[in-house]
Amino acid sequence: MIAVYTKRASEATLEKALEPAPGAWINVTDPGDAEIERLQRVLGVPRDFITYPLDLSETPRTEREGGATLIVLRVPYYQGETADVPYITVPLGIILTDQYVVTICRAETNVIEEIIAGKLRGLSTVKHNRFVLQILLITAHRFLSNVRKINRAVDRLEDRLKHSLQNRELLEMLKYQKSLVYFATALKASELMLRHLQRSQIFEKYEEDRDLLEDVLIEVQQGIEMTSIASGILTGTMDAYASIISNNLNSVMKIIASVTIVLNLPVIVSSFYGMNVALPFQDAPWAFWAVFGLASISSALALIWLWRRNWL
């Protein structure tokens with residue numbers, strides 16, 4: 001799908017256009033072969049510039065050819081709580097030419113949705129470099145926001161783990177651990193890519209662009225730090241609660257063993273007096289109560305002994 005938008009800083013909202021025009025932003029989502037060929041004709045860029053961001057394994061990098069610049073970054077993508085990994089990253093390509101800014105992604109991401117929704121202040125599709133930097137800044141913000149969401153989800157799982165004897169919550173935590181690994185990998189690669197952009201001096205023309213690039217770098221570094229801290233805490237939490245689950249299970253097993261001992265003592269006593277052989281006091285009228293009393297006393301003594309050893 002190809003959508004064309006235009007907006008100047010003085011205008012209130014993005015305007016959707018039917019055809020690309022100089023100064024427009026072209027947003028492409030999961031294009032087909034015909035759409036790729038159309039884009040190539042309009043932009044005059046190599047076909048690889050359009051197909052690289054569609055490869056889900058593509059890593060953040062930059063490439064320049066024929067006056068056009070390709071910037072590939074990875075953006076967070078939410079798959080849902082029931083997915084094997086709730087949060088992953090997908091490649092987002094930005095093609096920068098003299099006339100257009102083009103974003104290409106295989107999936108609809110929150111980064112692009114936030115721009116289309118008009119949540120970006122001072123947006124102008126005419127100022128290409130500024131627009132690209134704003135996309136990079138939004139991406140960094142989305143990483144930080146998703147790390148906070150992961151932390152809140154882990155906090156909820158911790159509350160459930162306190163009384164759990166199962167591995168379900170630990171497996172849920174493992175899913176978020178994987179998400180943090182994806183985030184950390186993407187952020188570190190993005191930092192290297194931003195350093196390369198900084199050295200290439202693409203955004204050195206205006207001081208505001210230089211400052212904005214510095215802001216993006218700071219946000220990315222903060223994201224790396226937050227992700228590292230969250231991952232370390234989650235790893236320690238998983239190890240601790242794995243031990244807690246094991247201890248909880250051991251406590252239950254101790255109680256079961258104690259109950260088994262207490263209940264088996266009367267069974268042993270009554271078994272002796274249930275045999276078809278001559279038994280002491282078998283003709284006495286108080287024999288039943290004697291056996292019952294002996295069984296009760298043995299159970300009581302066993303309870304006291306287990307209680308003193310903290311088995312109950």
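If you go through region 73-94 one residue at a time, do you hit one that is assigned to a helix (DSSP H, G or I) and either in contact with a strand residue (DSSP E or B) (Cβ under 8 Å, 6 or more places away or on another chain) or surrounded by fewer than 21 Cβ atoms within 10 Å (Cβ to Cβ) (or both)? Full working, then the answer.
Initially, region 73-94 is screened for residues assigned to a helix (DSSP H, G or I), giving none.
No, there is no match, as no residue in region 73-94 is assigned to a helix (DSSP H, G or I) and either in contact with a strand residue (DSSP E or B) (Cβ under 8 Å, 6 or more places away or on another chain) or surrounded by fewer than 21 Cβ atoms within 10 Å (Cβ to Cβ) (or both).
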Report summary line: Contact list, first residue from region 64-77 and within 11 Å of Gly44 (Cα to Cα), second anywhere and buried (at least 21 other Cβ atoms within 10 Å of the Cβ) and aromatic (Phe, Trp, Tyr), beta-carbon distance below 9 Å, six or more apart or interchain, is Glu65/Phe49; Ala68/Phe49
Query raised in the report: So, of the residues in region 213-243 that are surrounded by fewer than 15 Cβ atoms within 10 Å (Cβ to Cβ) and aliphatic (A, V, I, L, M), which turns out to be nearest to Tyr182 (Cα to Cα)?
Result: Ile229
Query raised in the report: Failed condition for Ile244, given (1) more than 27 Å from Lys127 (Cα to Cα); (2) under 20 Å from the mean Cα position of the chain (by Cα), with all others met?
Result: (2)
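Any idea which residue in region 191-212 is surrounded by the fewest Cβ atoms within 10 Å (Cβ to Cβ), counting only those that are among the polar types (S, T, N, Q) and in a helix (DSSP H, G or I)?
Step by step, filter region 191-212, then rank; the result is Ser200.
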Query raised in the report: Of the conditions (1) over 30 Å from Ser57 (Cβ atoms); (2) surrounded by 15 or more Cβ atoms within 10 Å (Cβ to Cβ), Lys188 fails just one. Which one is it?
Result: (1)
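Kindly indicate whether Met253 is part of a helix (DSSP H, G or I) and in contact with a strand residue (DSSP E or B) (Cβ under 8 Å, 6 or more places away or on another chain).
On the way: part of a helix (DSSP H, G or I): yes; in contact with a strand residue (DSSP E or B) (Cβ under 8 Å, 6 or more places away or on another chain): no.
No, not satisfied.
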Report task. Only residues that are surrounded by 22 or more Cβ atoms within 10 Å (Cβ to Cβ), touching a strand residue (DSSP E or B) at 6+ places or on another chain (Cβ under 6 Å) and under 15 Å from Leu187 (Cα atoms): list them for region 131-158, please. Result -> Thr139, Phe143, Asn146
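Select, from Glu81, Glu65, the only residue that is more than 21 Å from the chain's Cα centre (by Cα) and in the same structural domain as Tyr176 (by TED's automatic domain parsing). Break it down stepwise before answering.
Numbers: Glu81 fails: more than 21 Å from the chain's Cα centre (by Cα).
Result: Glu65 is the single residue among Glu81, Glu65 that is more than 21 Å from the chain's Cα centre (by Cα) and in the same structural domain as Tyr176 (by TED's automatic domain parsing).
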**Report entry** Hits in region 101-130 - residues which are touching a Leu at 6+ places or on another chain (Cβ under 7 Å), surrounded by fewer than 20 Cβ atoms within 10 Å (Cβ to Cβ) and under 29 Å from Glu37 (Cβ atoms)
**Finding:** Arg106, Ile116, His128
Report task. Could you check, for region 29-52, whether at least one of its residues is part of a strand (DSSP E or B), over 30 Å from Arg156 (Cα atoms) and either touching a strand residue (DSSP E or B) at 6+ places or on another chain (Cβ under 8 Å) or modelled with pLDDT of 85 or more (or both)? Result -> yes
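The values are calculated or read from the model by the stated rules, or taken from the named source; none is laboratory data. Computed from a prediction, not measured in an experiment: that's the story for all the values here. Heads up, the Cβs are rebuilt from the backbone with ideal geometry, glycines too, and the neighbour counts pull from every protein chain shown.
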